[in-house]
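The values are calculated or read from the model by the stated rules, or taken from the named source; none is laboratory data. For clarity, every value in this text was computed on a predicted model and none was experimentally measured. Here the Cβ positions follow ideal geometry from the backbone for every residue, glycine too, while neighbour counts run over all protein chains shown.
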Ligand SMILES: [Zn+2]
């Protein structure tokens, strides 16, 4: 399964101290998932999970740690893949697809897989080198 994780620095919701944890993105049943686990020395542990694009703070950590990738594919199928993988509206998907989609490796690999499954060639490139 496709999965990327990065160290995450957050703030404890109980005592307000700085604490560290893991930000993670992965694919489940052809959909994007994210998780954020934080543990504080005060004993508080929190884990947030969700579907679709991760909250910005989670994505930023993963992009910083693992780099940005760009989807190389064309056609209406790209928009459809973005909508179904990330659970976006048409307008949101159009915005994301406008300049060719770039994001985390987990996101772009999932899109490439969905596009290929529709019979359209797709590749991905590292975008930030
Ligand atoms: Zn705490």
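Odds and ends about this structure:
- In segment 9-21 there is no residue that is more than 16 Å from the ligand (Cβ to nearest atom), surrounded by 15 or more Cβ atoms within 10 Å (Cβ to Cβ) and not in a loop (DSSP other than H, G, I, E, B).
- Residue selected from segment 82-122 under the condition part of a loop (DSSP other than H, G, I, E, B) and buried (at least 18 other Cβ atoms within 10 Å of the Cβ), by the criterion farthest from the chain's Cα centre (by Cα): 122
- Some residue of segment 26-36 being surrounded by fewer than 16 Cβ atoms within 10 Å (Cβ to Cβ), out of contact with any helix residue (DSSP H, G or I) (no Cβ under 9 Å at 6 or more places or on another chain), outside the structural domain of residue 100 (by TED's automatic domain parsing) and modelled with pLDDT under 95: yes
- Residues of segment 48-65 that turn out to be buried (at least 21 other Cβ atoms within 10 Å of the Cβ) and in contact with a helix residue (DSSP H, G or I) (Cβ under 8 Å, 6 or more places away or on another chain), as a count: 3
- Screening the candidates 105, 32, 110, 36 for the property of being in contact (Cβ under 8 Å) with a residue 24 or more places away in the chain, on the phi < 0 side of the Ramachandran plot and within 16 Å of the ligand (Cβ to nearest atom) yields one hit, 36.
- Checking each residue of segment 44-57 against the condition of being in contact (Cβ under 8 Å) with a residue 60 or more places away in the chain and either under 27 Å from residue 115 (Cα atoms) or not assigned by TED's automatic domain parsing to the domain that holds residue 115 (or both) gives no match.
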